[in-house]
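Below: one structure, written as structure tokens.
The values are calculated or read from the model by the stated rules, or taken from the named source; none is laboratory data. Every value quoted in this text rests on a predicted model; they were computed, and no experiment measured them. For neighbour counting, all protein chains shown are included, and Cβ atoms are generated from backbone atoms with ideal geometry for every residue, glycine included. For accessibility, only protein heavy atoms count, side chains too; no ligands or nucleic acids. Shrake-Rupley method; radii C 1.70, N 1.55, O 1.52, S 1.80 Å.
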Amino acid sequence: RPTASTMAEEQACCVVSVSGPPDAPQPPASPWSCSGVVLSRDPGLVLCQGAVFAPFLRDGPDAWAQPHALTPGALRSGLCILVLQPPAGACTPAAPRTPSGSLRQHDAQLLALVPCRTFQKALAQAFSQADQWRFSEEAAEDDLRALHWFAWLRVPGLDTPGGGWTAQASAGSLRKGEGLVACGSPFGALCPDLFLNTLSQGVVSNLAGEENVLVLTDARCLPGTEGGGVFLPSPAGSRLVAVIAASFCWKGAEWVGLTLLCSIAAILRSSAGILDDARVAVPPVPPGQVVAVQAGAGQDLLGWAALVECGATWGSGVLLGPKLLVTCRHVVEARVPLHVTLAPGPGWGATVLAGRVVFTTEELSPFDVAVVALEDSVPGFIPPCPADTFYPGKKCGGGCGLLVWGGASPFAPIFCPPGEEVCVVGFGALGHACGPSVTAGVLSAVVAVAGRPVMLQTTCAVHGGSSGGPLLSTRTGRLLGIVASNTRDTSVGATYPHLNFCIPITILQPPLARYCRTGDLSAFTGLNCTSKGVRAVWRLQRPPGPPSKL
């Protein structure tokens, strides 16, 4: 049933359709469209992605290289610009939207195409050309050049005296792992009676640039949602915090499955003064409330993840003690000097520590595990608390109730069943440039052999560089396991980030607890001595070969 929050988000968004005059010598095959945000109703103003006007630029793609805003004169004359909105009174608890409802259609005029230079700078810093990032299926250079351009539209049909501006919040207040709601229209003007202003929920996955001008979220968006709004929920009502810049991201041949956003505050700052001729005063964006995303015992969940670099290979790791880290074997197979980079914490910046591998499982072992001893202690470290079991009423044998740093758990047994909300923290996607990313999902399956969980599956988006990172319960903050891999179809080269596999912490905790007590590496022998049933479960692992970056 619609809530007041979702109704506000849907009413603040729209579809923008642009078509050329019928007598144009080479009109586009069909109207171009994208999503948009109604920023003001007094006067009626809509903001959308600038790329929707790309086919109509007089100077073609070269216009995107201009250092300043583009006026309507930069476009071919005679364009038809329409804004589509839900029917009046739709999306209310008493009258939910139905496909038969008639959409409201308004004529619009372009005021200006505005570049957001701080967003452009953040794009260049976060997305290295060497990583072959793409933001559309066509991977056209013109699309990349237009990513930081946004269009202001004047829509007289939206004028509502006293309507004011849509409530906004600064992206500078965002924290990784914080919840977001995206509103856009998949496929733009195609079947808007079905797709107009659909919602998608996710979290802040990563942040970059001045005042977090660039935001990545795992909220799933489709082509056509570009220009749609992304909102920060709050008890006082949702606030617009960003605009969708690109719905798809690829890193080389790997589909990342994250959505690229641009801060609304940065767009408004870039637009200040440009709309003076239209007598539009762009308001400042109030700062949002800073919310640190905490895990179970008050520890910032980012503090348990570390970047592990071993030669040319890199991945993630889980800190389990002041000088103890666990990662995946394939991350450290190079057997060269190993460096561990910690996320910034209270009183210190990013810290790089040397480490040495004290144990790795054999290559034929189904459990892809390595244990690393750090040369120096992590300052102020608070260890994660591991899950006891994945089934109600049961407790895993073999000392699973012990914390990995030794001693009895002060907590009552807590289980994490399939369907539990979880998150992955790792250095995939933008890891090198912007620190760890957070993606959210559910624990989709617990695979057991002889009643013992040996594999976890999740719907979190997992990317190359995430291997070895922690899987955490969103509800309790408990450590559930470590990421081992996502899924790749080698026959077609396709990667599926939302189907991935983790090693349960209940497998690792008994040998780790024994090792912490005794220092005896033979505690890990059992990870190599597994049954046929366990090997069968992990049979989809990659064949032996060169180290992977996953």
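The table that follows gives values for the structure above.
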quantity	calculated
Inter-residue pairs, beta-carbon under 8 Å, first touching a residue at least 60 places away in the same chain (Cβ under 8 Å) and of a type in the set (D, E, K, R) and in region 258-280, second open to solvent by 10 Å² or more (accessible area, probe 1.4 Å) and part of a helix (DSSP H, G or I), 6+ apart	Arg269/Thr118
Of residues in region 437-452 being more than 16 Å from Thr474 (Cβ to Cβ) and in contact (Cβ under 8 Å) with a residue 60 or more places away in the chain, the one surrounded by the fewest Cβ atoms within 10 Å (Cβ to Cβ)	Ala450
Any pair with Cβ under 8 angstrom, 6 or more apart, that starts in region 36-65 at a residue that is farther than 26 Å from Arg279 by Cα and ends at one that is among the basic types (Lys, Arg) and in a helix (DSSP H, G or I)	Pro61/Arg145; Ala65/Arg145
Selected residue [open to solvent by 40 Å² or more (accessible area, probe 1.4 Å) and of a type outside the set (Lys, Arg)] from Leu521, Leu472, Leu480, Leu456	Leu521
Qualifying positions in region 318-327 - touching a Ser or Thr at 6+ places or on another chain (Cβ under 8 Å) and at pLDDT 95 or above	Val318, Thr327
Cross-chain or 6+ apart pairs with Cβ under 8 Å, region 116-130 first and assigned by the TED database to the domain that holds Gln66 and of a type in the set (Val, Ile, Thr), then assigned to a helix (DSSP H, G or I) and open to solvent by less than 70 Å² (accessible area, probe 1.4 Å)	Thr118/Ala266; Thr118/Ser270
Complete set of residues in region 313-329 that are over 15 Å from Leu342 (Cβ atoms), within 25 Å of the chain's Cα centre (by Cα) and open to solvent by 10 Å² or more (accessible area, probe 1.4 Å)	Thr313
Test: residue in region 353-363 that is farther than 21 Å from Gly426 by Cβ, modelled with pLDDT of 90 or more and in contact with a Lys or Arg (Cβ under 9 Å, 6 or more places away or on another chain)	yes
Evaluation of Ala295 against (1) modelled with pLDDT under 75; (2) farther than 30 Å from Pro511 by Cβ (one fails), failing number	(2)
Unmet criterion (only one of (1) among the hydrophobic types (A, V, I, L, M, F, W, C); (2) at pLDDT below 95; (3) in contact with a Phe, Trp or Tyr (Cβ under 6 Å, 6 or more places away or on another chain)) for Leu113	(2)
Qualifying residue in region 191-199 (condition: at pLDDT 95 or above and open to solvent by less than 20 Å² (accessible area, probe 1.4 Å))	no
Members of region 38-67 found to be of a type in the set (S, T, N, Q) and open to solvent by less than 40 Å² (accessible area, probe 1.4 Å), listed by number	Ser40, Gln49
Enumeration of residues in region 121-139 that are at pLDDT below 75 and among the aliphatic types (A, V, I, L, M)	Ala130, Ala139
Residue within region 87-95 that is open to solvent by 10 Å² or more (accessible area, probe 1.4 Å) and either in contact with a strand residue (DSSP E or B) (Cβ under 9 Å, 6 or more places away or on another chain) or modelled with pLDDT of 95 or more (or both) present	yes
Residues that are open to solvent by less than 30 Å² (accessible area, probe 1.4 Å) and in a loop (DSSP other than H, G, I, E, B), drawn from region 353-386	Thr361, Ser365, Pro366, Phe367, Asp368, Val369, Val378, Pro384, Cys385
Scan of region 213-241 for residues that are more than 19 Å from Ser136 (Cα to Cα) and surrounded by fewer than 24 Cβ atoms within 10 Å (Cβ to Cβ), ordered by number	Pro233, Ser234, Pro235, Ala236, Gly237, Arg239
Yes/no for Gly464 being open to solvent by less than 10 Å² (accessible area, probe 1.4 Å) and in contact (Cβ under 8 Å) with a residue 24 or more places away in the chain	no
Residue satisfying all of: in region 254-284; open to solvent by 30 Å² or more (accessible area, probe 1.4 Å) and assigned to a helix (DSSP H, G or I); farthest from Ala461 (Cα to Cα) among these	Asp277
